Every structure is written in structure tokens, then in C-alpha cells.
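Okay, structure first, notes after.
Since every read-out is calculated from the coordinates, none of them should be taken as a lab result. Because the structure is predicted, anything quoted here is derived from the model rather than measured. Cβ coordinates were reconstructed from backbone atoms using ideal geometry, including for glycine residues, and neighbour counts include every protein chain displayed.
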Amino acid sequence: MELEPRFAQLFALNFAMDASLWIPAALLAFACAAFIFWPQRRTAPPVEKSRLDYLRERRDVIYENIRDLNFEFRAGKYPEDDYLGQLESLENEAAGVLTEMDSLNA
């Protein structure tokens, strides 16, 4: 029976921490939280997009949609009538965007 109290003393957890341990830990935790969640003072200035920049982005999106449409048609997801109708509308939209880009560049 003498082994039991010794065993308990050796492996007992001592939850009483002195101030020299928990004050620096609390300060460090507070500093980390402030660093992570504090709002930034400097933000990136908003980029002013010109009409030409917008048209370039729109052109890229239309071309990507045409590539996706071709892929899905080849995979058998669209009947030919639907494919041709959507392709024609995308090509007309692309032509309008390219025409407006040309008029802005000239």
C-alpha cells in the first residue's frame, strides 16, 4: 500500500501555475490574436479599369465558353441543334466585342 501514495505523488498533475508562467503566456496569446485579427491600415488602391480592359476580359470569357461548348458537344452532352444555336450566339457576341475593341483602338 505504500507504493500507491508514492505513485500518486510522482504522477500527479500540479495545476497550480505561478504568475511567472501564465502572465507571459497570456500576453503572447493576446499579441498573436491582435496580430492576426487587427485590420490593415494600408489597403491596395482600387484599380481603375478602362472600357478596353473590360472588353478584353469579356472576350476571354467568351472564348472560354466557346471552348467549353465545343468540348461538351464532342462529349455528347448537347444535341447538334442546341450546339449550333449556342455557338452562333457566342460568335455573334464575340464579334460585337471585337468590333468595339477595334473602334476603341483606332
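Descriptive notes on the structure:
- Mean separation of Cα pairs under 8 Å and 6 or more residues apart, divided by the residue count, gives the stretch 51-105 a relative contact order of 53 percent.
- Residue-span extension gain [N70 to R56] - 0.36 nm each, minus C-alpha spacing: 2.9 nm
- Tail beyond 15 Å, pair distance distribution of the stretch 51-105 (Cα, percent): 49
- Pairwise Cα separations in the stretch 33-79 fall into 5 Å bins from 0 onward with the following percentages, short to long: 4, 16, 11, 10, 10, 9, 10, 11, 9, 6, 4, 0.
- The packing ranking, built from the mean of other Cβ atoms within 10 Å per residue, places the peptides 91-101, 71-81 in the order 91-101, 71-81, highest first.
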